[in-house]
Amino acid sequence: MLSLVLTESALELVPKELQNHSSVLSYSKKMKKRPSDMILDISWHYAAMKGIKDSLKRGRPDLVHLCLLEACSIPLYFEKKLRVYVHTINNKVIFVGEKVRLPKSYHRFIGLMEKLFSDKKIQEGGKNLLEIKDMTFDNLIDRIGAKEVIGLSTKGLKSSYVQLAQELGNNSCIVVGGFARGHFSEMVLKKIDKLICVDKNPLEAHVVIARLLYECEKRIIM
């Protein structure tokens, strides 16, 4: 069983310090939602986000959406050979259940995430499809209990998708940044056993995930 962790992901509700900004209030009125119930999105809240802490790692829920679609739409996931987790920039963790079919529409995805942040669980037939908990990256990695934690970064040792897939054990954890720009924080780096660079180009996270998981899939179930 492989584990995939999208870490420090740019997925969060509008923080308290931005809720009274004019751009947030305007969008809130348009959507007929309270600012505190909305997902932070730089497309709509750019003016409000100027100067906030870790701004480069925030306000990009679209990246999380793309990554989850890639990871949860493949045989490796549907055949229960892959577990998927989302660790957010604010130390919350989303546990993705088995055979979850996420909305392909971005707007429906945002609605689902807002409901998840509010209700803490999305259930169907008594089973948790999605669940969110307050949890640090350290605690999540300890809970997963992988034999090896591999972080993917342009700062890592040079390798390739094929080579890494062949070297991964069945109880390995792959860690990918769920943000647009920047690198893993020290909090994340200290829990990573190996930092690997699988491409000479700084590709977006969902592209790296798709290519690596395909190579893993060929080794495990094909």
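At a glance:
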read-out	value
Some residue of the range 96-116 being assigned to a strand (DSSP E or B) and touching a residue at least 40 places away in the same chain (Cβ under 8 Å)	no
Subset of the range 163-190 [within 18 Å of residue 148 (Cβ to Cβ) and free of Cβ contacts under 8 Å to residues at least 60 places away in the same chain]	163, 164, 165, 166, 167, 169, 189, 190
Qualifying residue in the range 65-74 (condition: among the hydroxyl-bearing types (Ser, Thr, Tyr), under 30 Å from residue 220 (Cβ atoms) and either touching a residue at least 40 places away in the same chain (Cβ under 8 Å) or surrounded by 21 or more Cβ atoms within 10 Å (Cβ to Cβ) (or both))	no
Selected residue [touching a Cys at 6+ places or on another chain (Cβ under 9 Å) and within 25 Å of residue 218 (Cβ to Cβ)] from 99, 80	99
Single match in 121, 133, 92 (criterion: at pLDDT 95 or above and within 13 Å of the chain's Cα centre (by Cα))	92
Verdict on residue 97 being at pLDDT 95 or above, of a type in the set (Gly, Ala, Ser) and in contact with a strand residue (DSSP E or B) (Cβ under 6 Å, 6 or more places away or on another chain)	yes
Within the range 1-75, helices (runs of 4 or more DSSP H) holding 3 or more residues that are of a type in the set (S, T, N, Q) and more than 26 Å from residue 148 (Cα to Cα)	22-31
Residues located in the range 77-100, provided they are of a type outside the set (Val, Ile, Thr) and surrounded by fewer than 21 Cβ atoms within 10 Å (Cβ to Cβ)	78, 79, 80, 81, 83, 90, 91, 92, 95, 97, 98, 99
Subset of the range 35-64 that is farther than 22 Å from residue 185 by Cβ and aliphatic (A, V, I, L, M) - its residue that is surrounded by the most Cβ atoms within 10 Å (Cβ to Cβ)	48
The range 20-54 - residue that is within 23 Å of the chain's Cα centre (by Cα) and among the hydroxyl-bearing types (Ser, Thr, Tyr) and, of those, nearest to residue 115 (Cα to Cα)	36
Odd one out for residue 149, checked against (1) closer than 17 Å to residue 88 by Cβ; (2) at pLDDT 95 or above; (3) among the aliphatic types (A, V, I, L, M)	(1)
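The values are calculated or read from the model by the stated rules, or taken from the named source; none is laboratory data. It should be emphasised that the depicted structure is a prediction, and the values quoted were computed from it without experimental measurement. As a convention, Cβ positions derive from the backbone with ideal geometry for all residues, glycine included, and neighbour counts pool all protein chains shown.
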